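To keep things clear, I will list the structure first and then write my remarks on it.
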Amino acid sequence: MLNSNLLRKLDMQDLMVFVAVYEQSSVTSVSETLCVSQSTVSYCLKKLRTGFEDELFINTRAGMRPTYKASTMYTHVLKILESINLCHAGAPTFDPNLQPVTFNICAPEYFEQLILPRLLKRFDFAGWPVMVNMHKFETDIPAEELRDGSLDLVICFGPNFHRNHTDFKSRMLLEDDLVCVFDKRATPLEPRLSLQAFTERRHVFPTPWTSTTNMVDGWLAQQAQKRQIVARSNSYSAALKMITGTDFIVTLPRRIQQLLASDAIFNHCEAPNGLPGFTLDMQWSQSADEDCANSWLREQVVQACTQQDMT
């Protein structure tokens, strides 16, 4: 807000005239420098004097001499004009064509299977010399690595699967739900499994990150139920191979099922009513929020997630 309503009548040309008169001490020189008439310079000075309630410049034989107030104002007015130029120029942009760049992303397998291939194809198609180092997601968000810049982004599941860090920025990338996948020869007749049928089957459990809990077993515990897990796998693909030729079941994100579970080998049905879905979220540090390279990477990830066949 402005201290005085008189200041509302000033514009950028008035401030430019102020700086020019301060530096050149001559109305004639200012008129030529700014390509305006001397009457315009005089009018601007009149507005400045009214707005700042000070004479600002005194006409002497040696030229226009600034008053004490004008002298204290000079650096501030320069900063105002500089800030306006920065606003016009916008934030600095990152150009991946200038030099090779490496990004470090910590994410679960879901991201590597579904989104990373799309991201790399974007880079390759554009001819950008961009390399992505993937780091395995462990028990929780690697907060210190994100803060010290060892990691550029963390991709994680939500909502509320991990400890909240108030100093991190976050954005939801997409939503998904879970489906039950079977060997084609062991597919149940019903289109949606009941809770009883779900718990009676033997399960292969793909571990998307290192954790003692997961969304399926956490939900079952709330229903006072539990399932029998016959094997834990390190990947979705391995879990699908483990159920081939058996009556085992694997519960997969729908997008992963559509990507990896071939219709020639597998069938699927809906999970029991009430089994919650999840989100895929992106997190980054406060310091990275204004980094142009990190902003560019985040935009590329968002675009890879919003391609037509992923919505």
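Here are the numbers for this structure:
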quantity: Where Val21 falls short, out of the listed (1) touching a Pro at 6+ places or on another chain (Cβ under 7 Å); (2) more than 19 Å from Leu6 (Cα to Cα); calculated: (1)
quantity: Hits in region 142-184 - residues which are touching a residue at least 24 places away in the same chain (Cβ under 8 Å) and of a type in the set (Lys, Arg); calculated: Arg147, Lys169, Arg171, Lys184
quantity: Qualifying residue in region 285-295 (condition: of a type in the set (D, E, K, R) and exposed (fewer than 13 other Cβ atoms within 10 Å of the Cβ)); calculated: yes
quantity: Residue match in region 110-119 (condition: within 27 Å of Ser4 (Cβ to Cβ), without any contact (Cβ under 8 Å) to a residue 60 or more places away in the chain and not basic (Lys, Arg)); calculated: no
quantity: Hey, Leu240 of a type in the set (A, V, I, L, M), more than 20 Å from Cys305 (Cα to Cα), surrounded by 16 or more Cβ atoms within 10 Å (Cβ to Cβ) and more than 20 Å from the chain's Cα centre (by Cα) or not; calculated: yes
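To keep it simple, each residue is scored yes or no on (1) modelled with pLDDT under 95; (2) acidic (Asp, Glu); (3) out of contact with any helix residue (DSSP H, G or I) (no Cβ under 9 Å at 6 or more places or on another chain); (4) over 28 Å from Val101 (Cβ atoms).
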| position | (1), (2), (3), (4) |
| --- | --- |
| Trp209 | yes, no, no, no |
| Thr212 | yes, no, yes, yes |
| Arg232 | yes, no, no, yes |
| Met242 | no, no, yes, yes |
| Arg254 | no, no, yes, yes |
| His268 | no, no, no, yes |
| Met282 | no, no, no, no |
| Asp289 | yes, yes, no, no |
| Ala304 | yes, no, no, no |
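The values are calculated or read from the model by the stated rules, or taken from the named source; none is laboratory data. Everything numeric in this text was worked out from a predicted model, so none of it was measured. Glycine also receives a Cβ, built like all others from the backbone with ideal geometry; neighbour counts cover every protein chain displayed.
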